[in-house]
Amino acid sequence: MSLFLQQIEGLQLHLQAIAELDSIIASEKFSHVDREMIDMMLEQSARFAEEKLVPLARSGDIEGCALTDGSVSLPAGTAGVYQEWCELGFPALGLPMDFEGLDFPNIVQSSVQEILDGANMAFGMLGINLRCAARALIANASEELVQRWVPGLVSGEIASTIVISEPQAGSDVGRIRTSATPADNGKWQINGSKIWISYGDHDAASQIIHLVLARVPSEEIGTRALGLFAVPKLLDDEQANKVVTSRLEHKMGLHASPTCVLDFDNAEGVLIGEAGKGLQALFIMMNGMRLAVGVQGSAVANMATLRAQEYARERPQGGRPDEAALMISEHADVKRMLLEMTAKSEMIRALTLRTAAYLDLAEASEDDSKAQLYLRLGELLLPLAKTVGSESAFQVASQGIQVLGGYGYTNDYPIERMARDIRVSSIYEGTSGIQALDFMKRKVLGDQADTLRALLDIIRADTAKTEATNPLKPGVSLLIEQMEVLLETLLVKSVSDPKSIEAGAYHFLNFSGLLVTHWLGMLLFSSATDGSDYHKRLQAALTLAATGLEEEGRLLARLSLQQEPDISL
């Protein structure tokens, strides 16, 4: 069985045990989706990943992208594979049926993305931009613009970008200088330079819609003077807009995904939403992309684990010289590494799918109060999914290189590329530090920890129902108690000395991630009961993960209250 078909076995368990699949497809919103359709989509994804994306990943990483006279060429074969991807309906998967989309829930979209990104993360970034931009336009643009552009995004005929960063304004978007000036024809003229633009130009689609944050004429400062603008690569008359790719970045990884510097010189744009409220209009796209980054982490971690397991079962090494060599999978230290990789990869998959499930339940619930709670829970988990997923994935890929030894460090095997590719995921769409501050100050303290306490109630109820023999139960129970004490202290400090809590924000996020992932691991352990090799390996990995959980929780809880060092660096 191929590694990608093996991946499906794990995803199916998670969809049932973690992602609330039965509740979601029983709702009126997703009543058109059934298990047979989901299984078919997962199998199609696995075939496409193995047959098309794996070969392209290797050649694309070696060849990279090229910039010639302001136009970007993707590695050979990419445009053809993209067209096949579109013809199979992948761009339409999670987009509304009103625009010929398939309107599958986020949990299915995320599962499919995991399979495809596990094969070729660089290629997968093109699809993330496309679907997140479509959702942003549907939520904020005029009906005329939605009808003009969204059907093309659903079919894949039109591609898109998110255009925010500038040399002096990365996460600090209030310092954006790119300007937008009203023109006589009702359009706007955009001027400035933007950096770090993934797929800012390419030859897979002729039209690209850039969603650009730019400063509007206003007496306001910072983010209150930003607007969101749709800037097409081609104008209505098919002539080129005044958007030029002036540079391609040379990066550690993602060589097949062009990262562009875009220069706007009186480029024609259309305002999306209201002037001065551009950041709010962009939030729906940013939230979708942050979930997708968490899924990228799950994809790399789970596929790196499967590839390391496959290698370890086939690599002979060790034992008596006059006897057949043992496979390295039989060595105790390799077993340890493979189990640690399995536990981390399975728990971050559970985290991303539970986050996606809450967002689906928010859409599907007919009870407004429940829908609001699900939405708050999903948004609470987003910074955890993005940060824990991306950082854990790099650790897992690095450990996979260790399992392969010297071969892991060469490009004979794909894990070294996967480690390079995933390293950026804890940087883009908001660094880990930015996510930590957002989690602590907005998501937790913003409502006096009401949403987090609602999540703790869910975890506490699940823990009470869990069998006493579950190895994760004692640690999860202790982490709940530690979180309650920690919250009381943070709530007091946030009032008396709000600046002081920032020093521990990253550790607080990781403590919260430790609690949430091991709660979900506890549910996985209880669900892995069919006796298959996968279920046995999962239970063994989660048993190992329970070791030292209490000590790690105590350390992170203590670090969450640390003070900023009194020193200038």
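For segment 280-327, how many residues are modelled with pLDDT of 90 or more, among the β-branched types (Val, Ile, Thr) and surrounded by fewer than 24 Cβ atoms within 10 Å (Cβ to Cβ)?
Going through segment 280-327 one residue at a time, the tally reaches 0.
Against the condition in contact with a Cys (Cβ under 6 Å, 6 or more places away or on another chain) and assigned by TED's automatic domain parsing to the domain that holds Val150, how does Val54 come out, does it pass?
Considered against the rule, which asks whether it is in contact with a Cys (Cβ under 6 Å, 6 or more places away or on another chain) and assigned by TED's automatic domain parsing to the domain that holds Val150, Val54 comes out as no.
Do we have any residue at all in segment 262-279 that's small (Gly, Ala, Ser), crowded, with 17+ Cβ neighbours inside 10 Å, modelled with pLDDT of 95 or more and part of a helix (DSSP H, G or I)?
no
Residues of segment 82-100 being closer than 20 Å to Ala356 by Cβ and hydrophobic (A, V, I, L, M, F, W, C), which ones?
Within segment 82-100, Phe90, Ala92, Leu93, Leu95, Met97 qualify.
Only one residue in Thr489, Thr517 is hydroxyl-bearing (Ser, Thr, Tyr), assigned to a helix (DSSP H, G or I) and more than 23 Å from Ala541 (Cα to Cα), so which one is that?
Every option except Thr489 fails the conditions.
Looking at segment 177-198, I want the residues that are under 18 Å from Thr245 (Cα atoms) and have a partner that is loosely packed, with under 15 Cβ neighbours inside 10 Å and hydrophobic (A, V, I, L, M, F, W, C) with Cβ atoms under 6 Å, at least 6 apart or on another chain. Which pairs are those?
Close Cβ pairs satisfying both conditions: Gln189/Ala183.
What is the number of the single condition among (1) surrounded by fewer than 21 Cβ atoms within 10 Å (Cβ to Cβ); (2) closer than 20 Å to Leu520 by Cβ that Ala356 does not meet?
The failed condition is (1).
For segment 213-272, how many residues are within 27 Å of the chain's Cα centre (by Cα) and polar (S, T, N, Q)?
Summing the residues that are within 27 Å of the chain's Cα centre (by Cα) and polar (S, T, N, Q) in segment 213-272 gives 4.
Sort out which residues of segment 191-204 are farther than 19 Å from Val270 by Cβ and either among the small types (Gly, Ala, Ser) or part of a strand (DSSP E or B) (or both), and write them in order of number.
Correct list: Ser193, Ile195, Trp196, Ser198, Ala204.
Would you call Glu340 in a helix (DSSP H, G or I) and not small (Gly, Ala, Ser)?
So Glu340 fits the description; yes.
For segment 189-208: of the residues being on the phi < 0 side of the Ramachandran plot and more than 26 Å from the chain's Cα centre (by Cα), which is surrounded by the most Cβ atoms within 10 Å (Cβ to Cβ)?
Ile190
Yes/no matrix, rows are residues, columns are (1) under 17 Å from the mean Cα position of the chain (by Cα); (2) under 29 Å from Glu63 (Cα atoms); (3) assigned to a helix (DSSP H, G or I); (4) not aliphatic (A, V, I, L, M):
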site: Cys86; (1), (2), (3), (4): no, yes, yes, yes
site: Ser111; (1), (2), (3), (4): yes, yes, yes, yes
site: Ile115; (1), (2), (3), (4): yes, yes, yes, no
site: Phe123; (1), (2), (3), (4): yes, yes, yes, yes
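Identify all residues within segment 218-253 that are surrounded by fewer than 19 Cβ atoms within 10 Å (Cβ to Cβ), in contact with a strand residue (DSSP E or B) (Cβ under 6 Å, 6 or more places away or on another chain) and among the polar types (S, T, N, Q); write none if there are none.
Ser246
Against the condition within 28 Å of Ala449 (Cα to Cα), touching a helix residue (DSSP H, G or I) at 6+ places or on another chain (Cβ under 8 Å) and surrounded by 24 or more Cβ atoms within 10 Å (Cβ to Cβ), how does Thr342 come out, does it pass?
No; evaluated as a whole, the condition is false for this residue.
Output the helices (runs of 4 or more DSSP H) that fall wholly within segment 368-445 and possess 2 or more residues being more than 22 Å from the chain's Cα centre (by Cα) and of a type in the set (S, T, N, Q), or say none.
368-404
Checking the conditions here, which among Gly118, Gly156, Gly174, Gly170 is farther than 27 Å from Gly192 by Cβ and either surrounded by fewer than 24 Cβ atoms within 10 Å (Cβ to Cβ) or not assigned by TED's automatic domain parsing to the domain that holds Glu50 (or both)?
Gly156
Return the residues of segment 88-109 that are in a helix (DSSP H, G or I), crowded, with 24+ Cβ neighbours inside 10 Å and touching a Gly at 6+ places or on another chain (Cβ under 6 Å); say none if nothing qualifies.
Residues satisfying the conditions are Pro91, Gln109.
Would you mind finding the one in Arg558, Arg537, Arg554 that is of a type in the set (Lys, Arg) and under 26 Å from the mean Cα position of the chain (by Cα)?
Residue meeting the stated conditions: Arg537.
Is there any pair linking a residue in segment 452-477 that is surrounded by fewer than 19 Cβ atoms within 10 Å (Cβ to Cβ) to one that is modelled with pLDDT under 95 and assigned to a helix (DSSP H, G or I), with Cβ under 7 Å and at least six apart or on different chains, and which?
Close Cβ pairs (under 7 Å, with a partner that is modelled with pLDDT under 95 and assigned to a helix (DSSP H, G or I)) do not exist here.
Look through segment 421-449, keep the residues that are free of Cβ contacts under 8 Å to residues at least 40 places away in the same chain and more than 22 Å from Ala397 (Cα to Cα), and return whichever of them is surrounded by the most Cβ atoms within 10 Å (Cβ to Cβ).
Per the criteria, the residue is Gly446.
Just need a number here: residues in segment 29-76 that are β-branched (Val, Ile, Thr), more than 30 Å from Leu248 (Cα to Cα) and in a helix (DSSP H, G or I).
Adding up the residues that qualify gives 1.
Which condition breaks for Ala19 when tested against (1) part of a loop (DSSP other than H, G, I, E, B); (2) buried (at least 16 other Cβ atoms within 10 Å of the Cβ); (3) free of Cβ contacts under 8 Å to residues at least 60 places away in the same chain?
With (1) part of a loop (DSSP other than H, G, I, E, B); (2) buried (at least 16 other Cβ atoms within 10 Å of the Cβ); (3) free of Cβ contacts under 8 Å to residues at least 60 places away in the same chain applied to Ala19, the lone miss is (3).
Using the structure shown, decide if Cys65 is touching a strand residue (DSSP E or B) at 6+ places or on another chain (Cβ under 6 Å), outside the structural domain of Ile197 (by TED's automatic domain parsing) and within 14 Å of Leu126 (Cβ to Cβ).
yes
The values are calculated or read from the model by the stated rules, or taken from the named source; none is laboratory data. Every value quoted in this text rests on a predicted model; they were computed, and no experiment measured them. We place every Cβ from the backbone using ideal geometry, glycine too, and count neighbours over all the protein chains shown.
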